[in-house]
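Structure, as structure tokens:
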Amino acid sequence: MSAAGLGALVLALIHLGPAKGPVPSLLTSASLVIGYAALGNELWSMMWEGIREMSSVILLLLVVPAIGWVLREEHYIEALVGSAKQLFNTSKRFYAGLMFMTQFVAYFLLFGSIPMLFQFVQVLLGDKKGEDWEYFKGTALLRGFGVSTIWVISIPSVVFIIESTGASLGFTLIQGFFIAVLGVGLSLLFLLIHEKRSGIDYTTGILAELEEKMAASDSSRHQSLAKEFIILFLTLFGPILVINSIVDWGLLLTISMWVPVWSLSYYCLKKKSRPFVSKTRTYLQSGLLQKSQELGIMLSAGMLITIVHESGGGTWAINMIVTISETTFLHILWILPFLVIFLGFVGLGPLTVMVLVGGILEGAGLPYPPELIVLSLTLGSAITVFLSPLILPLIVLSQSNGLSMWKNGLRFNLGYSISFYVLVQIYMMIMLAIW
């Protein structure tokens, strides 16, 4: 496995080149420099071991696309909106519904939920143009995906940090969903303020578009597909919790083992075995090549984490954070999100950041409940999604709606991000007081 990993890393670096693969190149170089300086002759044995460090994460990354295949087979998103059309009779309800829908679709498509839902909303509200309408659509999708990085366990960064800290899966998910609900409520407050300042009537425009484009004749079809989507979500999510509570495989491996079974079962029950075979063949022939950057990042990050641990760098980093906390008024749980945000603003995606930070924190024995450490780190991940112009969610949104990344990010979401940070910190301090 180590030989295969080293071979894959070398091939990934050659395929990507310096321009497309700066992150894996940087991580590999850092591993070599730190390892040579701190470990000397032990460097190569640590690299040989470290190349296997992220094997479970790599397996998850390779099988997760099969979830998205299922969601694209039918018009599930249109069905969800059509079947709940009567509930979306105000702009606030439509906005909240869009945020929740983004989180549930993220279970299937990860950050791909943003362009998919944006295309759907653009068809539905395509006649509503201008910066105020783009604020409505863009913030609902970006904030919806951002808060999903706190609790959606099919997102690799979330599942990795849960497993690396040893946090309780059930409590972490319940806590994360509660925080996501608070995030939706806070976003509605910001929408209300924006609506009053701009003087635009979102409700009238939304109702007119829903009446025109959601035909009543399709209601039975919408109801059927909406029920099917709920079943798909429950059968994807439920068995993972059950298997994880019974078998000691680890959450990463449990998800990786269940996803192919779930996806294949869907295609068999729908009698679509040929499309499944075709998608699998296409993925193996060309889709895997598109995973080169992620593969290179995970392999090189695994080496760096192992070398940092063996050189004592991880202990030094933890001690430095503890010292800062003890010598200032700053609480450790206040500091951790900014560590994630900083790395996100230098171009590292949420998964890379969680792998590096989680790998260093693993076994550190911080004197706080692991569930709150997970929340602190995923809070940083969510804020990075809201603001950073260097990671995919914001890039994808800007490509979709044509606005600048500065406008979609800092201008639209800075105030919301600060408020969300304060809200979550208040929750964590309350939980610490009663834990």
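The values are calculated or read from the model by the stated rules, or taken from the named source; none is laboratory data. Predicted model, so just to flag it, every value in this text is computed and none were measured. Virtual Cβ from ideal backbone geometry, glycine too; neighbours counted across all protein chains shown. Each accessible area value is taken on the protein alone, full model and side chains, heavy atoms only, with ligands, DNA and RNA left out. Shrake-Rupley method; radii C 1.70, N 1.55, O 1.52, S 1.80 Å.
Every test in (1) over 22 Å from ILE418 (Cα atoms); (2) assigned to a helix (DSSP H, G or I); (3) among the aliphatic types (A, V, I, L, M) is passed by ILE153 save one, and that test is (2).
Residues in the stretch 143-161: is at least one under 18 Å from the mean Cα position of the chain (by Cα) and open to solvent by 20 Å² or more (accessible area, probe 1.4 Å)? No: the stretch 143-161 contains no residue that is under 18 Å from the mean Cα position of the chain (by Cα) and open to solvent by 20 Å² or more (accessible area, probe 1.4 Å). For the stretch 94-108, check the following and say yes or no: at least one residue is crowded, with 17+ Cβ neighbours inside 10 Å, under 18 Å from LEU210 (Cα atoms), out of contact with any Phe, Trp or Tyr (no Cβ under 7 Å at 6 or more places or on another chain) and at pLDDT below 90. No, the stretch 94-108 has no match at all. Working only within the stretch 379-403, note down all residues that are over 14 Å from LYS137 (Cα atoms), touching a Pro at 6+ places or on another chain (Cβ under 8 Å) and part of a helix (DSSP H, G or I). Listed by number, the residues that qualify are LEU379, GLY380, SER381, ILE383, THR384, VAL385, ILE395. Being exposed (fewer than 15 other Cβ atoms within 10 Å of the Cβ) and either within 21 Å of ILE360 (Cα to Cα) or acidic (Asp, Glu) (or both) is a condition met by at least one residue of the stretch 9-30. Listed by position, the helices (runs of 4 or more DSSP H) contained in the stretch 1-109 that have at least 2 residues being touching a Pro at 6+ places or on another chain (Cβ under 7 Å) are 2-20, 55-63. Count of the stretch 384-394 residues, restricted to those that are open to solvent by less than 10 Å² (accessible area, probe 1.4 Å) and closer than 17 Å to ALA106 by Cβ, is 6.
Of the residues in the stretch 291-306, at least one is over 24 Å from the mean Cα position of the chain (by Cα) and open to solvent by less than 70 Å² (accessible area, probe 1.4 Å).
Could you please find all residues in the stretch 381-409 being touching a residue at least 24 places away in the same chain (Cβ under 8 Å) and polar (S, T, N, Q)? Matches in the stretch 381-409: SER381, THR384, SER388, GLN399, SER400, ASN401, ASN408.
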